[in-house]
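To start, the structure itself, in structure tokens.
The values are calculated or read from the model by the stated rules, or taken from the named source; none is laboratory data. Only a predicted model underlies this, so the values are computations on that prediction, with no experimental measurement involved. Because the Cβ atoms are built from the backbone with ideal geometry, glycine has one as well, and the counts that use them run over all protein chains shown.
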Amino acid sequence: MIHQPIHTLADAYRRGDLTPTAVAEAYLARIDALDRRVRAYLTIVREQALAAARESERRWRAGTPRGPLDGAPIALKDVLCTRGVRTTAGSKILDTFVPPYDATVVERLRAAGAVILGKTNLDEFAMGSSTEHSGFHPTRNPWDLTRVPGGSSGGSAAAVAAGMAAGGFGTDTGGSIRQPAAFCGVVGMKPTYGRVSRYGVVALASSLDQVGPFAQDVTDAAHLLGAVAGHDRRDATSIPAPVPDYAAELAKGVAGLTLGLPDEYFIDGMDPDVERAVRAAIEVLKGLGARVESVSLPTTRHALAAYYVILPAEASSNLARYDGVKFGLRVSAHDLVGMESRTRAAGFGAEVKRRIMLGTYALSAGYYDAYYGKAQSVRTLVRREFAAAFARVDLIVAPTTPNVAFKLGEKEDPLSMYLNDVFTIPGNLSGITGVSVPCGFSVSGLPIGLQILGRPLDEARVLRAAYAYEQATSWRGRRPDLP
Amino acid sequence: MSAPAHYEVVIGLEVHAQLLTRSKMFCGCPTTFGAAPNSQTCPVCQGMPGVLPVVNKKAIELAMRTALAFGCRVNPACRFARKHYYYPDMPKNYQISQYEEPLAEEGRLEIDIDGASRTIGIQRLHLEEDVGKLVHEGTLETAQASLVDFNRSGVPLMETVSKPDLRSPEEAAAYLKAFRAVLVFLGVCDGNMEEGSLRCDANVSLRPRGSTTLGTKVEIKNLNSFRNVQRALEFEVKRQAQALDAGEGIRQETRLWEADRGYTRSMRSKEYAHDYRYFPEPDLVPLRIDSRWVDEIQAALPELPRARRQRFVAQYGLPGYDADVLTQSRALGDYYEAVLREPAPSAGADRPKIVSNWVMSELLRVLPGDDERAIATSPIPPRHLAGLLRLIDDGTISGKIAKDVFQKMFDSREDAATIVGREGLTQVADETALGAIVDSVMAANPKAIDDFKRGKTVAKKSLFGQVMKATGGKANPTLVDRLLEDKLAKIQR
Amino acid sequence: MIDRKDVEHVARLTRLALTEEELERMREQLNSILTHLDTLRGVDTEGVEPTAHAVDLVNVMREDEVEPCLPQDSMLANAPDRSGELFRVPRIIEE
Ligand SMILES: [Mg+2]
Ligand SMILES: [Zn+2]
């Protein structure tokens, strides 16, 4: 039952071949056995999970399941606030924080009958691309335990890849779902900005953050997204548009669709295995009837710099509330400023401090126009280029990352780490949607991801193309060898 | 105390007013004052991780109403921004406020000072969220700890910044009074300075008389009453004048008014305290205020006290004093005009003044105040007062009896006709009935008739008194007089 | 180029107590990152409106309706220090 996609679990529950309780127990046992090595989780909620599974079981038995996610064991990135369950954002500063409320996403998942197994690891406050920079411990890539799972949602990606959750959720601010999905060989989706509520999601960069699913296959991704998408009156940036039945659209195929291939996404220095796998995937899509055209997104080369102004600026503001006054860590001092400064110094890790400093500097008197204002204008250019491209093509296909999973400790220099997100960041800057779907392996046996980007709110078409590709290839059956 | 004659005082006021919404600016928590500490909060107004703000529409509309009352331009595009500084009463360590695109700009407020009228410019009006309340264990200087209550955190505040048009502490106090009156009149703020619903900061500078450039300004905080505004500014003007006279420069800084001690003291002076790092609030989308929305608010705008006062004088011919009193509160002016709108068959040109007299000398005598609440709960509604005046007009009761009836109306909440009918207070005005009484009084007083025939006109007075006595004072005196006149004339002939 | 004084100023602005070594390392790293970010200066953004949001929504508002608050004890439960119903913080020394 491990490694069984959620939609097949639901079929088994319906037939009575499996029960949600048995499945939850199996997943919890696997976590017990494996997570010592992978370290995907920060918190396991065993009792709550089993209670939820028993409730689900009653519903299936009574013939009143709440939908395809009822009884699905899932993992949540530890930035999603869970009522009564510690939520740390991977930071020591929130080590003791127990939110008195659920994020909208969590509320919707509970309402859909999902069984939450626990909270997964991440780079502290979602700042990073490797899940090495958690305030607690690094997470390892289930395909090679000496390598990183990607990040910042590395815990959820690794949990799904290792069979320690049937599905998961993460957040994508600059690639933090798509990049770890690619590194871990699972499906990861970043919805359109505003498609999924951010209420209750510990904020990194408010104008970029978006919640999305990790899944074993595209069908599950469609179900997981469908359960959480849609307008939320508690999030003023949430789009009041109806949510299509993503799963029902999957089988429509790619015949007749035009795919754009951006020249700027095949760069010098990228891993040749990645380029080969992605070009092969494009051939597969062509074979399925898609047309391929080249498109130009020239501002891509400035997107990274714009992102590394906007993100630290917004993050420095969002993280100002962690001051030892109301919740979380406090380091005592005889006066307030001392207490706050020492609390923040002790509670934040090096990367968080670096970005807070960078963002504070970029916003401070005299530098706003040169940095934040300029970056926001560059952002306009990135949006315009995508809009122009999408006027000609239906979807854009590209590699998710320039390389495969790297070794822990390999990227010490912050700048080389930042380069990891060069293909995913433009999607966040422009607010469009995108998915990473497995498209092969490097010679060293590490997963590679194909990125499919779509127009705002065009998740259905993005998933449809990913599904067509997935069904035409055999990558989705491949799982890491983890006894 | 005023500034030495060789300096001109330049003052601008920043007023923060709590808007009269039921819920907070960005969450659904109530805004009521005086609840147990931290009992009116939620994750949003405590700035917990992951929470998001959503704008209260009523707050926008109350601010628009105020902006239009001050003749401001309501900006078609406005947005919120984050203003950063660390203080433990501010949960997120940034305040959601407005910066480059405020709700409204360029308005004015007229104030009366020494019998003359002055127009003070309003630079901008914007919305923001309030912070929590900080209390110190002991005084600020000696406290080992401070305590925070976040009930007030997130309450909608409207900040209005005047232009530096005020030229004396007296003018500043007059501005604040006029400002408060408009807000209360509009129903956007309760104006309660003790509870902090209205808070004032001032920017003060001095410059040599005749100079057109501004001197270094000092910001003064904690001016929580009209008296404190004036006292603090008088102190500060004197302090700056002495410093300038002594050849010392003025330091640009923020000073705190210590009301108990009667001086201002320096608080934040380090330059970084003012580096607020504003940027557009990414959790909120912009506001687009189209002309239709503005027109809607404009149409619902009540007439302001000044305009109403002028209209009362012009339209009703009221003396200035009456118009002043009647326009002190919106509710009283409304009451007055409601009485005038009631039917009054025989009313003449003097009716507005008659109604004014009744409202000012009788109604305000019995009511506990002239505000919204006092008027709304008045036991005598406008319709009842109009009914009483009609009984006087048509001669049913005399003006003297009417005053007693008024008190009874106040006590019982009944209308005048009911009281007059039940208590038999109707003035005998039926000519036939009264004629019969006059006849019987004349028949019973042959001596008086004889006296009258002999030319003693005082005899008529005695007969008049007898008739009034016989009717228990309820006879219409004019009618009695005419009947006696007629009947005595016949006897003489 | 930002110097040591700038770094100290920014650290103070954002309430971070950094050690001597941290300040020095921060200065080096910030300069290296800023050098990279300075490539933005080369982008022609003349007349280009800044994008604050990727969504084109406007006028998202709620009605003025009171919703239940959270219970007082649950809103105080995370307090690192409190005195009865109030959050407690060390003494404030005006800067
Ligand atoms: Mg303000
Ligand atoms: Zn609240």
> Which one of the conditions (1) within 8 Å of chain C (Cβ to nearest Cβ); (2) assigned to a strand (DSSP E or B) does B:Thr41 fail to meet, given that it meets all the rest?
Replying inline: (2)
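Residue-wise test of (1) over 24 Å from the mean Cα position of the chain (by Cα); (2) surrounded by fewer than 23 Cβ atoms within 10 Å (Cβ to Cβ); (3) more than 10 Å from every other protein chain (Cβ to nearest Cβ).
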site: A:Glu283; (1), (2), (3): yes, yes, yes
site: A:Val309; (1), (2), (3): no, no, no
site: A:Gly324; (1), (2), (3): yes, no, no
site: A:Asp335; (1), (2), (3): yes, yes, no
>> Could you check segment A:206-251 and list, in sequence order, the residues that are within 13 Å of chain B (Cβ to nearest Cβ), surrounded by fewer than 24 Cβ atoms within 10 Å (Cβ to Cβ) and among the small types (Gly, Ala, Ser)?
In response: A:Ser206
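Per-residue answers, yes or no, for (1) modelled with pLDDT of 95 or more; (2) part of a helix (DSSP H, G or I):
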position	(1), (2)
A:Met270	no, no
A:Arg279	yes, yes
A:Lys286	yes, yes
A:Arg301	no, yes
> Does B:Leu52 fit the bill of being surrounded by fewer than 24 Cβ atoms within 10 Å (Cβ to Cβ), more than 16 Å from ligand 1 (Cβ to nearest atom) and more than 10 Å from chain C (Cβ to nearest Cβ)?
Replying inline: no
>> Take the conditions within 14 Å of chain C (Cβ to nearest Cβ) and acidic (Asp, Glu) and apply them to A:Asp271. Does it pass?
In response: no
> Does A:Gly373 satisfy the condition of being of a type outside the set (A, V, I, L, M, F, W, C), within 26 Å of A:Ala126 (Cβ to Cβ) and free of Cβ contacts under 8 Å to residues at least 12 places away in the same chain?
Replying inline: yes
>> more than 27 Å from the chain's Cα centre (by Cα), modelled with pLDDT of 90 or more and either surrounded by 19 or more Cβ atoms within 10 Å (Cβ to Cβ) or in the same structural domain as B:Ala69 (by TED's automatic domain parsing) (or both): which single residue out of B:Gln240, B:Gln252 fits that description?
In response: B:Gln240
> Quick one: in segment B:9-38, which of the residues that are at the interface with chain C (Cβ under 10 Å from one of its Cβ atoms), surrounded by fewer than 20 Cβ atoms within 10 Å (Cβ to Cβ) and under 21 Å from B:Pro88 (Cα atoms) is nearest to ligand 2 (Cβ to nearest atom)?
Replying inline: B:Ala35
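Within segment A:54-67, track down each residue that is at negative phi and surrounded by fewer than 24 Cβ atoms within 10 Å (Cβ to Cβ).
Of everything in segment A:54-67, those that are at negative phi and surrounded by fewer than 24 Cβ atoms within 10 Å (Cβ to Cβ) turn out to be A:Arg54, A:Glu55, A:Glu57, A:Arg58, A:Arg59, A:Trp60, A:Arg61, A:Ala62, A:Thr64, A:Pro65, A:Arg66.
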> Picking from A:Ser294, A:Ser238, which residue would you name as being under 30 Å from A:Tyr101 (Cβ atoms) and small (Gly, Ala, Ser)?
Replying inline: A:Ser238
> Of all residues in segment C:40-65, how many are of a type in the set (D, E, K, R), surrounded by 16 or more Cβ atoms within 10 Å (Cβ to Cβ) and within 21 Å of A:Gln210 (Cα to Cα)?
Replying inline: 0
>> Quick test of your reading of the structure: A:Lys411 fulfils all but one of (1) in a loop (DSSP other than H, G, I, E, B); (2) modelled with pLDDT of 95 or more. Name the failing condition by number.
In response: (2)
> Among the strands (runs of 3 or more DSSP E) confined wholly to segment B:82-183, which include 3 or more residues that are within 20 Å of the chain's Cα centre (by Cα)?
Replying inline: B:104-113, B:116-129, B:156-162
> Name the pairs: first residue in segment B:264-284 and within 12 Å of chain A (Cβ to nearest Cβ), second residue at pLDDT below 90, Cβ to Cβ under 7 Å, at least 6 apart or on different chains?
Replying inline: B:Lys270/C:Glu95; B:Ala273/C:Glu95; B:Asp275/A:Ala365; B:Pro280/C:Ala52; B:Pro282/C:Ala52; B:Pro282/C:His53
> For B:Thr41, all conditions in the list (1) of a type outside the set (D, E, K, R); (2) in contact with a strand residue (DSSP E or B) (Cβ under 6 Å, 6 or more places away or on another chain); (3) within 16 Å of ligand 2 (Cβ to nearest atom) hold save one; what is the number of the exception?
Replying inline: (2)
